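The values are calculated or read from the model by the stated rules, or taken from the named source; none is laboratory data. These numbers were taken from a predicted model, which means no experiment stands behind them. As a convention, Cβ positions derive from the backbone with ideal geometry for all residues, glycine included, and neighbour counts pool all protein chains shown. Note: areas computed on protein heavy atoms with side chains; ligands, DNA, RNA excluded. Shrake-Rupley method; radii C 1.70, N 1.55, O 1.52, S 1.80 Å.
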Amino acid sequence: MSIITDDNKLPKRVDINQKNPNTKAEKIDYDRNFENSIRPKSFDTYIGQSALKETLKITIEAAKKREKPLDHLLFYGPPGLGKTTLAGVIAQQMGVEIKITSAPALERPRDIIGILMSLKGGEILFIDEIHRLNKVAEEILYPAMEDFFLDMTTGKSQTVKTLRVPLPKFTLIGATTKAGELSGPLRDRFGIIHRLEFYTEEELSQVIKRTAGILEIEITTDGALAIARRSRGTPRIANRLIKRVSDYALVKADGKINEEIANQALDTLKIDCYGLDSTDRSLLKMIIEKYDGGPVGIETLAAALGEDVRTLEDVCEPFLLQAGLLQRTPRGRKVTPATYRHLGYTNIIEQQNLF
Ligand code: ADE
């Protein structure tokens, strides 16, 4: 089987049968280890986002020619589309180290100061969920990003002095699912701001084949496409589904994945032809059955479903909006005629003359 990778740092085989996680923390660790083990490390193996890749290649080439660090970059878009992966590819391409953190981990001033002072010239600092950075950390970042200085204060009240501590020239890569929540001054300090797009089925099936190659799972082109169709345009979901489908193939057949096995496995997992899972369907059904199709506020929905508002907004909604199954209005969320059709509410369509 051909493994489409030039990533010589990747382990040749990843044990997908490693002990299943029990606790939530174990599960997060397990998912993160799995994701890290299959992350592409170069532009050649990074599939999709072609316009962004071309821009980045030129920017990187120019920075190398000038022998200067890259401009600060901001990536935004729904989760699971490869923002962290892309930051890793950029670091590899620039030949520099990358330090990865996330805004909630930078709670105290000393967290951000410590990490900035640990950077070496040219290195990349990646801050995930950068919209969650607190005001103090943001203000420490402004001079660091703009002039590569830390403004430190010493002493108390009347004797207070400001000290400018020079920092090495670094590149900040910020990632966010909510670009709108970033403050204007922080957004303005990024030289390149780019949105990551959902993947096409063709791109996702390439991601699936690549992952299958690394995991030594046999899969046909049709099998990969069947998984891709139900992966909500998101590589992280595609990579999770391939493991579940592979388990199913191993138990119910000979371990090989073809279209039929993939569809059977995904039906068993209750993932429908749009890639919606039970949480998505509960959200949409709730709007239809309890709120007459909407509009209804997201807080009301979250409370009724027993879900976190952030999970609904960041994880469920982006794909439902893009698929035309949900609309955001000033008065709340609404479903569309396509939602009624998809979920089989044909009687309501007839009653309300939705077509
Ligand atoms: N795995 C996750 N994202 C990927 C991508 N963009 N290309 C290849 N493999 C991936």
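Across region 220-290, the relative contact order, built from alpha-carbon pairs under 8 Å that are at least six residues apart, equals 36 percent. Cβ-Cβ distance of Gln351 and Lys285, R₀ of 22 Å, FRET efficiency by 1/(1 + (r/R0)^6): the value works out to about 0.85. Put simply, the amide H of Ile219, placed in the peptide plane, has neighbours under 5 Å in Ile257, leaving out anything fewer than 5 places away on its chain.
What the Cα convex hull of the chain gives, in volume per residue, is 173 Å³. Using θ = phi - 60° in the Karplus curve 6.51 cos²θ - 1.76 cosθ + 1.60, the 3J(HN,Hα) couplings for region 252-267 round to 9, 9, 9, x, 8, 9, 10, 4, 5, 4, 4, 5, 4, 4, 5, 5 Hz; x is entered for Gly and Pro. What the pair-distance distribution of region 142-212 shows, using all Cα-Cα distances binned every 5 Å from zero, is 3, 11, 14, 12, 12, 12, 10, 9, 5, 3, 3, 2, 1, 0 percent.
Which value at 222 nm does the chain reach when only helices count, each DSSP H run of 4 or more adding -39,500 (n - 2.57), with the total divided by all residues and rounded to the nearest 500 deg cm²/dmol? Don't skip to the answer; put the middle values down first.
On the way: 15 runs with 164 residues, N = 355.
Value at 222 nm, helices only, nearest 500: -14000 deg cm²/dmol.
Are there GluC sites (Glu not before Pro) in region 87-124 that DSSP marks as loop and that have at most 16 other Cβ atoms within 10 Å, and which are they?
Numbers: sites: Glu97, Glu107, Glu123; in loops: Glu97, Glu107, Glu123.
When the GluC sites (Glu not before Pro) of region 87-124 are filtered for loop state and at most 16 Cβ neighbours within 10 Å, Glu97, Glu107 remain.
Based on alpha-carbon atoms only, what is the radius of gyration of region 108-262 relative to the globular estimate 2.2 N^0.38 Å? Please list the in-between numbers first.
Values: Rg = 23.2 Å, N = 155, 2.2 N^0.38 = 15.0 Å.
Rg over 2.2 N^0.38 Å, computed on Cα atoms: 1.55.
The H on the amide N of Gly174, modeled in the peptide plane, is under 5 Å from the matching H of Leu73, Leu74, Phe75, Ile127, each at least 5 residues off or on a different chain.
Taking θ as phi - 60° and the Karplus parameters 6.51, -1.76 and 1.60, the scalar couplings of region 224-237 work out to 5, 5, 5, 5, 4, 4, 10, 9, 6, x, 10, x, 4, 5 Hz in sequence order, x denoting glycine and proline.
Within the shell defined by Cβ-Cβ distances under 12 Å, the residues around Ile271 carry a net charge of +3, with Lys and Arg each +1 and Asp and Glu each -1. Based on protein heavy atoms only, region 48-97 ends up with 46 Å² per residue of surface accessible to a 1.4 Å probe. Across region 107-113, coupling constants 3J(HN,Hα) worked out from phi with the 6.51/-1.76/1.60 Karplus curve, θ = phi - 60°, read 6, 9, x, 5, 5, 6, 5 Hz, and Gly and Pro carry x.
Summing charges over all other residues whose Cβ lies under 12 Å from the Cβ of Asp308, with Lys and Arg as +1 and Asp and Glu as -1, gives -3.
Taking amide H as placed 1.01 Å from N in the peptide plane, the amide H of Ser102 sits under 5 Å from that of Asp128, each at least 5 places away or on another chain.
Per residue, region 296-335 exposes an accessible area of 49 Å² to a 1.4 Å probe, with every protein chain left in place. Among Pro104, Pro168, Pro185, the residue with the largest mean-square fluctuation in a Gaussian network model of the chain, with springs joining Cα atoms closer than 10 Å, is Pro185.
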